[in-house]
1. Take the Cβ-Cβ distance between residue B:145 and residue C:199 as r, set R0 to 45 Å, and report the resulting FRET efficiency rounded to the nearest 0.05.
2. Report the convex hull volume per residue for the protein assembly as shown, counting only C-alpha atoms, in Å³.
3. Between residue A:163 and residue A:320, what FRET efficiency comes out of the Förster formula 1/(1 + (r/R0)^6) with R0 = 35 Å and r the beta carbon distance, rounded to 0.05?
4. When ranked by the protection proxy of mean other Cβ atoms within 10 Å per residue, highest first, what sequence do the peptides C:31-42, B:351-362 form?
5. Is region A:1-137 best put as rounded, prolate or oblate by its Cα gyration tensor, with a ≥ b ≥ c the root eigenvalues, rounded for a/c under 1.5, and otherwise prolate when a/b is larger than b/c, oblate when not?
6. If neighbour count is taken as other Cβ atoms inside 10 Å, put A:245, B:425 in order from fewest to most.
7. Quote the relative contact order of region C:61-317 in percent (integer), defining contacts as alpha-carbon pairs under 8 Å separated by 6+ residues.
8. Modelling each spin label as a point 7 Å along the Cα-to-Cβ direction, I'd like the residue A:32/residue B:231 distance in nm, to one decimal.
């Protein structure tokens, strides 16, 4: 019995991801030995901050049996409105205000998604698509399209706070890891704890597994669905504001198009699109893999214009592999 | 032990939109007894269960639980009174572990906010110990067999202080050994003073387990009593209201062979299967679940084709490697699960009837709609589907009428061999005999008919030849002069 | 067996299949509403020949794409990669035309290649969905990235411009007062109506979307039907690709980015049910026209494009709610009878 368990552990989604990540690093490292340095780790960590946060949002929604394609649009509104107010209406120099308003906006749109999916019972894909256009269409219509690149002092202060500073010995370049990196780290820990040790988390798995059984068991399906989308909205809002701080840029279209990467990271990480499966560890590995691929295609000699295609190919292969694995596991009968 | 009465129903009546589902039902369940509720499809069993468990309010009659009148229950009240129902689909979470499935409901009821995994494992272990189940608590439910899933559902039911457990047709998807295991568990529950009501219509299983039996027919109470007061004849008479002995199908013997299989094998399902169907035969194919009876049907239809052996249709050898081959060779198949495999519920009767034969209406450049309608109307008349026209969706039809549509679909393809898997499951008594009559007529016309079923009375009444499968091999080929008890023994392997 | 339990005399109305379809009624009334509203607000600019012509030049592009979306959804799936297929086909056509000197022969070849590219992309989608049993939403989300990426890679980044006049004429020219694209749209609409109603393939799509398992047990080759459905939708994507490239005189990987949401809105409004098995070409056609009337009204009223996106989002929600309400009412009626 134990041999079987060890075997299944070694071939689990997470382990396979680990193998692939290691293999990829080796391939890149062989071509470019400079890859094996703390600089790479810092760059990957920095690049993966947003993807990781968004992936957590998406994961929670996917586990509950839904899907959310509106988070880029919600994020854009959440980052744009506070900056618009600060720059065009009244200069409020408060990080609390910026983040607070962003989170509030995310919360409101999350509630909208929750309302559409759990009260009106609309298909999540289409419902969140609708929210996406309502959000992005609405904000641009009302507030126009500008780019805000100057941060108020309080936000600038955050930008200047780095937890790791590394200077590469050869090139003399300085690599900085911002304090905001702690946000996805803490969020991962928090979400992992919630999913494993709270009835709220188990409830999400329950409704993702079988909504009717969950209802019969006494779970409040509506409340759980609301929570999933609202949580996603709130974290999206916070992440969007982090984007503004770190990238020094707030526009109405910055995050658009990211849905695919994020969903792919989740699916590759073992989260099933049908719901009820998946965990934080897998998603972290999925995000690491995708971030590695996205940021190192240059090192592999793949020209920029081909990178979208290559990423798409990898995502498609990853999806096929995880789907095949999922089917295999639900066929073995004990 | 079993003297006090736990549940008493008197004169229960319930209608839905003018149709009487329950028309005067009495029932008495004593503490710690194993009680079987039997009746044909459409007799009101599920409505009764729903009334007892608080899902439906009854129109008339009294419900007494532990001496108190409880007519106005809702599902939570019923659970609080110790009534638990295990439905056929178990309502379990395939993506959660065994331990969670058992213990989670309890946690929800206690309004717990945090998850205490130790507690969950303890509760699960305790429940499994009580029923004697040995399942790895950390396995995800989707990886379990049906029997084990059912075991988990039972464990879940009893941790909620159940006093009365209702099992709705629990043996349908179990093999013989699993049924034995289930009875062991049920007896263990009885030892603990929990009353168990098992809804079942198979007499041999009822003999194995029941203390007492209640029979319903057409929504009304027929009879009740200790199991030893029922013999085969009384059982069938009370269930159907008829004596079956005169109605056995005895066609004229014919030499003309329609269909033959020789040494058909599919590793893991069946081995060396040989039998033949002559003109006028209605061949029964039976056996316990896992004996290969269903697998042969699906092999002949090309869903999971055989890997070796020979198949002869009207003297010619044919190969069946997929569904297209089967249809090309004029083989028709009415699947076991009508709702998910046989019908397009939202589409009209017309669409469902021509679904398989649609190509024959494609002339030149487009479909001949008029011909399609004419054919459908003809089948509706000939087979007797109760409907105002061919336009309504099949969803609006009763089980019997829907099954007739499935049959029409295949008859419209002019089959030479017609295989039906469980043709009268979920079909009311009236439609059941009509379908049997249709099959006999088709057999007389020279169409090979194979009926796969585990309903022994149905087989004995309608099939002149019965192939008994056991453990993947043909155990015997008998004619319908055999006694039901003997036939049942052959299935179980208790003959010698 | 010959017991007569039914009266086969079918009322003439039902036989003709002319029973009033609720979706069609709703669509027609909404069109009437918009026309009435514009008659009141801007009769001068809305109801002119030039405005009518400008509308006709616009809708076939996404109208054809809508039919592609429609058949995939009726089959029980969805195709989110259609815009990617559209752009990839357009890029392929533009590449051939510009590299072969812009002759008429090159235009014909370019268009043919666009259709072939669309067919291949669609068939690939369908094959992965059906043979590996992966949800269509996931596969096409991935393949959207794939096809868009391929288009990007081929163009190297910037768009391919400078199409020959003959090519530009496809989407921008007319015969007399009637734009060519109107004929193209009508041909496609009629073709789709024929396929869905009068062919075996079309009927099998409905069966597949209604119940895939039962379709298999009824002898329908589900793999073949899925692949062919997506292939046909890919071809429609190819046609759209030709139209949009010709219209904008530019082939790039980012054209038509709003079309995914727009076509989804159109088909849901037009009566196609997200679960599959339901939907009519007539409904989608009217829905296309309705959306064009609305879009044009916005333009005349000088509302920004983004407002259109906003309104489309709201309309999609409204359309879905309407679907739910109608279904509930139909279920109540069925339960009573």
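1. 0.55
2. Residue-normalised Cα hull volume stands at 207 Å³.
3. Numbers: r = 38 Å, r/R0 = 1.10.
The value I calculate is 0.35.
4. Values: C:31-42: 13.4, B:351-362: 21.9.
In decreasing order of mean packing, C:31-42, B:351-362 become B:351-362, C:31-42.
5. Here region A:1-137 falls in the oblate category.
6. Details: A:245 22, B:425 18.
Lowest to highest Cβ neighbour count: B:425, A:245.
7. Over region C:61-317, the number comes to 36 percent.
8. The two pseudo-label positions are separated by 9.0 nm.
Read-outs throughout are calculated quantities, based only on the coordinates presented, and are distinct from any laboratory measurement. Note that the coordinates shown come from a computational prediction; the quantities given were computed from them, not determined experimentally. Backbone-built Cβ (ideal geometry, glycine too); neighbour counts: all protein chains shown.
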